[in-house]
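The values are calculated or read from the model by the stated rules, or taken from the named source; none is laboratory data. Just so we're clear, the structure is a prediction, and the values are computed from it rather than from any experiment. Cβ placement follows ideal geometry from the backbone for every residue including glycine, while neighbour counts extend to all protein chains displayed. The accessibility values were calculated without ligands, DNA or RNA, using every heavy atom of the protein model including side chains. Shrake-Rupley method; radii C 1.70, N 1.55, O 1.52, S 1.80 Å.
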Amino acid sequence: MKRYVIAVAFILPVLAMSCTQPKEKEAAAPRKIKNIIFMVGDGMGTTQIYAGLTANKGSLNLERFKCIGFSRTNSADNYMTESAAGATAFSIGQKTYNGAIGVDTAGKPQPTIMEIAKQHGLSTGIVVTTDITDATPATFAAHQKVREMQAEIAADYVKSDVDVLIGAGQEHFDQRKDGRNLLTEFIQKGYQVKHTTADVAQVKQGKLVGLIKEARVAERGDQLARTTQAALQLLQQNKKGFFLVVEGSKIDDGGHANDLPYVTEEVIDFDKAIKAALDFADKDGETLVVVTADHETGGLTIAEGDLTTGKITGKFSTDDHTGVMVPVFAYGPGAEAFMGIYHNNTIFRKFMEALKF
């Protein structure tokens, strides 16, 4: 029995060491974590990832990660979660009911990781390719009992003091039934408001709201990677650090549509934003990058593929979400904390510990 205990005691530290980046292995002490980039591929399970890798002719930037775990996605009231409950688990550290935005099972608002980061002096940002008022991004800065309350979510953003907001859904801000023009209110609070990827990329300092027309990859191009880079350029100016959320929002849309090319083009697009995050982390040295999903969508099975040509075929078992675990990838200082199998709300605690909140 003793020899097995000794073996385990030796192997576990070795596994943790193999998970860290080369620079961290050489360091005399663990590196400080100043920044976190949290990236969510909406509806992105392991099969979607490998489908994207195949369509991209055999490679993704996700392969740069060495620390990998799995997240159990069920919500408080349903084996099958959805984006609101799934992302709220990340943001407040509690499982809640399907449809909840930043509230617990009693419908009571709870402080989000982004709000806590702001209280500690960090800058904050959200970058997505869907409406900024949609479920996943909303859970980090808004508090509403149901996800459909997009007008109220938009108003919550004005109160939130998030430094960078980039996504779609302008109509929720300036075409409102209550007559408020929230874009004017943002400008009065010192924000710059932009409406194209090119204009967003030109902003070099200050607070930013970028509301860009929602579109498929063929029309929007490398919007997600460029707007992620723009957000990093702005947020890194805070010497205390930042917390940035980036969502590959439309992988989920492809799954719901049972459209495999839609899924793969969105995974590849999201992977380009992941490259931007990893390249920043490599240069910065104090940035933790975490990539996961809120749930899997479509029950995708790969039937055939060719890593040379990128050809791939597959089948979907549903047009809705499934209950399978989803992978968690971590890179940079503290990445080893994300190994293992754990519930999705545990990610909140891991962020709190990483930033020493």
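Taking the stretch 75-94, which residues are in contact (Cβ under 8 Å) with a residue 40 or more places away in the chain and either open to solvent by 40 Å² or more (accessible area, probe 1.4 Å) or hydroxyl-bearing (Ser, Thr, Tyr) (or both)? So that I can check it myself, show each step before the final result.
First pass over the stretch 75-94, keeping only residues in contact (Cβ under 8 Å) with a residue 40 or more places away in the chain: 79-84, 86-94.
Within the stretch 75-94, Tyr79, Met80, Thr81, Ser83, Thr88, Ser91, Gln94 meet the criteria.
Name every residue in the stretch 312-334 that is part of a loop (DSSP other than H, G, I, E, B) and without any contact (Cβ under 8 Å) to a residue 24 or more places away in the chain, in order of residue number. Reasoning before the result, please.
Going residue by residue through the stretch 312-334, those that are part of a loop (DSSP other than H, G, I, E, B) are 317-320, 323-325, 332-334.
Of everything in the stretch 312-334, those that are part of a loop (DSSP other than H, G, I, E, B) and without any contact (Cβ under 8 Å) to a residue 24 or more places away in the chain turn out to be Ser317, Thr318.
Provide a single number: the residues in the stretch 127-154 that are of a type in the set (D, E, K, R), open to solvent by less than 30 Å² (accessible area, probe 1.4 Å) and farther than 28 Å from Thr287 by Cα.
Step one: filter the stretch 127-154 for residues of a type in the set (D, E, K, R), giving 131, 134, 145, 147-148, 152.
Next, from what is left, pick out any that are open to solvent by less than 30 Å² (accessible area, probe 1.4 Å): 131.
Add one more test, that the residue is farther than 28 Å from Thr287 by Cα, and what stays is none.
Residues in the stretch 127-154 being of a type in the set (D, E, K, R), open to solvent by less than 30 Å² (accessible area, probe 1.4 Å) and farther than 28 Å from Thr287 by Cα: 0 in total.
Test each condition in (1) buried (at least 23 other Cβ atoms within 10 Å of the Cβ); (2) in contact (Cβ under 8 Å) with a residue 60 or more places away in the chain; (3) within 27 Å of Tyr79 (Cα to Cα) for Thr124 and report the one that comes out false.
Unmet for Thr124, out of (1) buried (at least 23 other Cβ atoms within 10 Å of the Cβ); (2) in contact (Cβ under 8 Å) with a residue 60 or more places away in the chain; (3) within 27 Å of Tyr79 (Cα to Cα): (3).
Could you check how many residues of the stretch 176-202 are in contact (Cβ under 8 Å) with a residue 12 or more places away in the chain and over 15 Å from Leu165 (Cα atoms)? Full working, then the answer.
Start the filter on the stretch 176-202 by keeping residues that are in contact (Cβ under 8 Å) with a residue 12 or more places away in the chain, which leaves 176-178, 180, 182-183, 185-186, 189-197, 200-201.
Subsequent filtering for residues that are over 15 Å from Leu165 (Cα atoms) retains 176-178, 180.
Residues flagged as in contact (Cβ under 8 Å) with a residue 12 or more places away in the chain and over 15 Å from Leu165 (Cα atoms) within the stretch 176-202 amount to 4.
Okay, residues lined up against (1) surrounded by fewer than 22 Cβ atoms within 10 Å (Cβ to Cβ); (2) at pLDDT 95 or above; (3) of a type in the set (D, E, K, R); (4) under 16 Å from the mean Cα position of the chain (by Cα):
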| residue | (1), (2), (3), (4) |
| --- | --- |
| Lys239 | yes, yes, yes, no |
| Phe242 | no, yes, no, yes |
| Val246 | no, yes, no, yes |
| Ile251 | no, yes, no, yes |
| Lys275 | yes, yes, yes, yes |
| Asp279 | yes, yes, yes, no |
| Leu288 | no, yes, no, yes |
| Asp306 | yes, yes, yes, no |
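Which condition does Lys350 not pass, out of (1) open to solvent by less than 50 Å² (accessible area, probe 1.4 Å); (2) in contact with an Asp or Glu (Cβ under 9 Å, 6 or more places away or on another chain); (3) of a type in the set (Lys, Arg), if it passes all the others?
Among (1) open to solvent by less than 50 Å² (accessible area, probe 1.4 Å); (2) in contact with an Asp or Glu (Cβ under 9 Å, 6 or more places away or on another chain); (3) of a type in the set (Lys, Arg), Lys350 violates only (2).
Identify, please: which residue in the stretch 155-195 is more than 26 Å from Gly221 (Cα to Cα) and aliphatic (A, V, I, L, M) and is, among those, surrounded by the fewest Cβ atoms within 10 Å (Cβ to Cβ)?
My answer is Ile187.
Taking into account only those residues within the stretch 290-304 that are part of a strand (DSSP E or B) and either surrounded by fewer than 22 Cβ atoms within 10 Å (Cβ to Cβ) or small (Gly, Ala, Ser) (or both), which is modelled with the lowest pLDDT?
Result: Ala303.
Whether any residue in the stretch 241-261 is more than 25 Å from Thr47 (Cα to Cα) and without any contact (Cβ under 8 Å) to a residue 60 or more places away in the chain is what I want to check.
First, the residues of the stretch 241-261 that are more than 25 Å from Thr47 (Cα to Cα): 241-244.
From what is left, the residues that are without any contact (Cβ under 8 Å) to a residue 60 or more places away in the chain are none.
There is no residue in the stretch 241-261 that is more than 25 Å from Thr47 (Cα to Cα) and without any contact (Cβ under 8 Å) to a residue 60 or more places away in the chain.
Taking the stretch 233-262 only, how many residues are of a type in the set (Asp, Glu) and over 13 Å from Thr130 (Cα atoms)?
Residues of the stretch 233-262 of a type in the set (Asp, Glu): 247, 252-253, 259.
From what is left, the residues that are over 13 Å from Thr130 (Cα atoms) are 259.
Matching residues across the stretch 233-262 total 1.
Find all pairs meeting these conditions: Cβ atoms under 6 angstrom apart; at least six residues apart or on different chains; first residue within the stretch 266-281 and over 13 Å from Ser59 (Cα atoms); second residue basic (Lys, Arg).
Between residues of the stretch 266-281 that are over 13 Å from Ser59 (Cα atoms) and residues that are basic (Lys, Arg), the close pairs are Glu266/Lys250; Leu278/Arg64.
Could you tell me which residue of the stretch 253-273 is surrounded by the most Cβ atoms within 10 Å (Cβ to Cβ), considering only residues that are among the charged types (D, E, K, R) and more than 15 Å from the chain's Cα centre (by Cα)?
Filtering the stretch 253-273 down to residues among the charged types (D, E, K, R) leaves 253, 259, 265-266, 269, 271-272.
Still in the running and more than 15 Å from the chain's Cα centre (by Cα): 253, 259, 265.
Working: Asp253: 18, Asp259: 15, Glu265: 20.
Among those that are among the charged types (D, E, K, R) and more than 15 Å from the chain's Cα centre (by Cα), it is Glu265.
Any residue in the stretch 33-61 that's farther than 10 Å from Ala293 by Cα: show its pairings with residues that are surrounded by fewer than 23 Cβ atoms within 10 Å (Cβ to Cβ) and basic (Lys, Arg) at Cβ separation under 6 Å, as long as the two are six or more apart or on different chains.
Final answer for the pair search is Asn61/Lys275.
Being surrounded by fewer than 17 Cβ atoms within 10 Å (Cβ to Cβ), among the aliphatic types (A, V, I, L, M) and not in a helix (DSSP H, G or I) is the filter here, so list the residues in the stretch 196-231 that pass it.
Ala215 - this is the single residue of the stretch 196-231 that is surrounded by fewer than 17 Cβ atoms within 10 Å (Cβ to Cβ), among the aliphatic types (A, V, I, L, M) and not in a helix (DSSP H, G or I).
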